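Quick one: structure below, then a few questions.
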Amino acid sequence: MDPRSLVAPIIVAIGVILAAMAFAVVTTLLDTADGGTELRLSRLERQLAEAVQAREDLAGDLATLRADLGRLRDEASLLASRAPVTAPAVTPVALPLDEDFENAPTEALTEEMKLARTRFNKGITQPRNRVMLELLGSPRASYGTDCQPVTNPALKGLIEQRQVGPITVSMIRPALDSLARVLDRLKETDPDIHAKVGTAGALCARFIRGSTTSISNHSWGTAIDLTLEGVLDPFANGGTQAGLLFLAEYFNEEGWFWGATYGREDSMHFEVGEETLRRWRAEGRI
């Protein structure tokens, strides 16, 4: 047989083998590429899920920060609404939890006591500007940083200046009646404390100091700041004057909110609670 006659079949066979090898190589490369793509897609999906979770966490943190900011603004408003009376520095003294407030001595009325906040303001809500405007309207058309007269005719008609126990104050009549009951009870149970009660301010139509939008609750004649022996309770020191504990219980029973339970305590501040204001409104008293 002529060897040259085998060249063509051999070339064809080699071509078939090379084609098969090429096909196998290409298939392997494609499989590898597909696996790599799936791996990259899986990694991207995981990163996307982590980014979404991080975004949700940040949104939660932002909401918490906004809530904290709102509380800080409220606390700053409380500080700004206080009458400008200078108080001496007083070192708090721990009060045992089982202390009998009803029989506490009156010699040190202004001694600072540690405060159990959860004991007070149960079921009493601090009224915000929205509630005050709804129930009593705006005290006047414009406000500033200083006290100004109430010009709202309806509210002005409710305001009265009266001697209530040892103090003279201007407030709306239902608040004066309620305050009188508080001080009458104090006089019965502890006349020494009653005689030493003073005031750092009640009616005062103005913005909360440091604000140009929030109205001080003193503007409606439903809040009062009290002193004992002429001494103002230090602000936000975590304690309260011993004598104010008597008053706080009596005010709470009358439906007044005590400022000692604010985020930063303001023990001298007492204001009529929202529930009491709504009851007065239902009774036609305001």
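The values are calculated or read from the model by the stated rules, or taken from the named source; none is laboratory data. If you're wondering where the values come from, they're calculated on a predicted model, not measured in any experiment. Don't worry about glycine lacking a Cβ; one is built from the backbone with ideal geometry, like all the others, and counts go over all protein chains shown. In case anyone asks, the SASA skips ligands and DNA or RNA and just uses the protein heavy atoms, side chains included. Shrake-Rupley method; radii C 1.70, N 1.55, O 1.52, S 1.80 Å.
Search the stretch 208-229 for residues that are on the phi > 0 side of the Ramachandran plot and polar (S, T, N, Q) and pair each with any residue that is open to solvent by 10 Å² or more (accessible area, probe 1.4 Å) and part of a loop (DSSP other than H, G, I, E, B) when their beta-carbon atoms are under 8 Å apart and the residues are at least 6 apart or on different chains.
none
Still on this model: Taking into account only those residues within the stretch 143-153 that are open to solvent by less than 70 Å² (accessible area, probe 1.4 Å) and not in a strand (DSSP E or B), which is farthest from G230 (Cα to Cα)?
Once the filter is applied, the top-ranked residue is N152.
If you don't mind, there's one more thing I want to ask. What about L247, is it crowded, with 19+ Cβ neighbours inside 10 Å and within 28 Å of R119 (Cβ to Cβ)?
It is true that L247 is crowded, with 19+ Cβ neighbours inside 10 Å and within 28 Å of R119 (Cβ to Cβ).
Turning to a different aspect of this structure: One residue is enough: does the stretch 212-235 have a residue meeting the conditions open to solvent by less than 10 Å² (accessible area, probe 1.4 Å), outside any helix (DSSP H, G or I), farther than 30 Å from L133 by Cβ and modelled with pLDDT of 95 or more?
Yes, there is a match, as at least one residue in the stretch 212-235 is open to solvent by less than 10 Å² (accessible area, probe 1.4 Å), outside any helix (DSSP H, G or I), farther than 30 Å from L133 by Cβ and modelled with pLDDT of 95 or more.
Filter the stretch 162-183 for residues that are open to solvent by 80 Å² or more (accessible area, probe 1.4 Å) and in contact with a helix residue (DSSP H, G or I) (Cβ under 9 Å, 6 or more places away or on another chain); which is farthest from I286 (Cα to Cα)?
Filtering first and then ranking leaves R181.
Also: Would you mind telling me which numbered condition in (1) open to solvent by 10 Å² or more (accessible area, probe 1.4 Å); (2) farther than 22 Å from K196 by Cα W280 fails?
Status for W280: all satisfied but (1).
Please count how many residues of the stretch 236-261 are within 21 Å of L135 (Cα to Cα), part of a strand (DSSP E or B) and not hydrophobic (A, V, I, L, M, F, W, C).
Result for the stretch 236-261: 0.
A further question on this structure: In the stretch 159-180, what residues are in contact with a strand residue (DSSP E or B) (Cβ under 6 Å, 6 or more places away or on another chain), farther than 18 Å from S216 by Cα and touching a residue at least 24 places away in the same chain (Cβ under 8 Å)?
Within the stretch 159-180, P166, I167, R173, L179 meet the criteria.
Under 6 Å between Cβ atoms, which residue pairs at least 6 apart in sequence (or on different chains) link something in the stretch 122-149 that is among the aromatic types (F, W, Y) with a partner that is part of a loop (DSSP other than H, G, I, E, B)?
Y143/R206
May I ask you to verify whether T118 is at pLDDT 95 or above and surrounded by fewer than 14 Cβ atoms within 10 Å (Cβ to Cβ)?
no
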